[in-house]
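Read through the structure below, which is laid out as structure tokens, and then see the notes.
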Amino acid sequence: MNSGQLQRQDIRIWVANRFYYQAAIPIKDAAIMSNCPMREVRRLWLHRIMDHDGAKDDEGGIGAWLRLGEVCGLSRRELLDHRHVLPGVRFAVDAYVNFARTRPWPEAVASSLTELFAPDLMAKRLEAFKRYYPWVDASGLDYFGRRLVQAPRDSGEALKLTLDYCDTRERQLAATHALQFKCDLLWAILDAIHARCLALPHPRRRGELSGQAVKSSDSNPLSTSKGGSPT
């Protein structure tokens, strides 16, 4: 993505599947709050739900992602009913929500520390969209701009809570394992999306084999080479 190698159907597959993850974030955060007995921690964590759900209409990050889907050629209905979500993506995201529901809240908080890397990733992603994918209207890129501000704040809060409450060797190891678990599931999500994109009959794939540049295709974004279901 960041080097401009994706075609339109690749972008749409990524957007549709990543939306399943985005939609689960406030559910995950609510699970963390429900397991935490400390009011001051719940108050600190509460804004994350509002950041994604918003107070009304499409104010939050989920609304911003729906707009991204629209400018990429995906309807809101397609995104909201999750018809394009791949089994591997669904399994990984559901596992993350289940982790937040069943593990002690400090471990679930520690799993969110992947946000420490988000500002740099979001800046690169935003630049890549503007540079390589001009067909994606700038009005749909609001989510990435927001996260440039929100992610440093969120990761700072999560890091402080982890350092404050993971105060024994056992808890520190548990926090490390939680973060590794989160990295693994994010990797699993990308692997599933990558496998789906490689399975599509992309002219670019053939062009790369012969060293020829091929223009982006605007065919059915989530079709398969053999007529199978995208999920």
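All of the numbers you see were taken from the coordinates with simple rules; none came from a lab. Here the structure is a predicted model, which means the values were calculated and not measured. Glycine gets a Cβ as well: all are built from the backbone with ideal geometry, and neighbour counts include every protein chain shown.
Using only the C-alpha atoms, the convex hull of region 8-210 corresponds to 129 Å³ per residue. Relative to the Cα centre, the charge distribution of region 8-210, modelled as +1 at Lys and Arg Cβ and -1 at Asp and Glu Cβ, gives a dipole magnitude of about 420 debye. Each residue of region 78-86 is assigned a 3J(HN,Hα), and the resulting list reads 4, 6, 6, 8, 6, 5, 9, 6, 6 Hz, derived from the Karplus form 6.51 cos²θ - 1.76 cosθ + 1.60 (θ = phi - 60°), x at Gly and Pro.
To the nearest 500 deg cm²/dmol, what mean residue ellipticity at 222 nm is calculated for the chain from DSSP H runs of n ≥ 4 alone, each contributing -39,500 (n - 2.57), summed and divided by the residues?
Working: 10 runs with 160 residues, N = 231.
Taking each H run of at least 4 residues, the total per residue is -23000 deg cm²/dmol.
Using the Karplus relation 6.51 cos²θ - 1.76 cosθ + 1.60 with θ = phi - 60°, the per-residue 3J(HN,Hα) values for region 110-124 come to 4, 5, 7, 6, 4, 5, 4, 9, 5, x, 5, 5, 5, 4, 5 Hz, with x marking Gly and Pro. When the chain is treated as a Gaussian network with alpha carbon springs shorter than 10 Å, the biggest mean-square fluctuation among 112, 34, 155 belongs to 34. Find which of 161, 138, 150 sits farthest along the positive direction of the dipole of region 8-210, computed with +1 on the beta-carbon of Lys and Arg, -1 on that of Asp and Glu, about the Cα centre. Value computed over the given set: 138. Against the main long axis of the alpha-carbon atoms of the chain, helix 169-199 sits at an angle near 10°.
Against the main long axis of the alpha-carbon atoms of the chain, helix 61-71 sits at an angle near 0°. The alpha carbon centroids of region 75-115 and region 6-28 are separated by 11 Å.
What number do you get for region 35-75 when its Cα radius of gyration is normalised by 2.2 N^0.38 Å, N = residues?
That ratio works out to 1.56.
Between helix 87-102 and the chain there is an angle of about 10 degrees, using the helix long axis and the longest principal axis of the Cα atoms.
Considering only 75, 21, 87, and ranking their Cα positions along the charge dipole of region 7-161 that arises from unit charges at the beta-carbon of Lys, Arg, Asp and Glu, the one farthest toward the positive end is 87.
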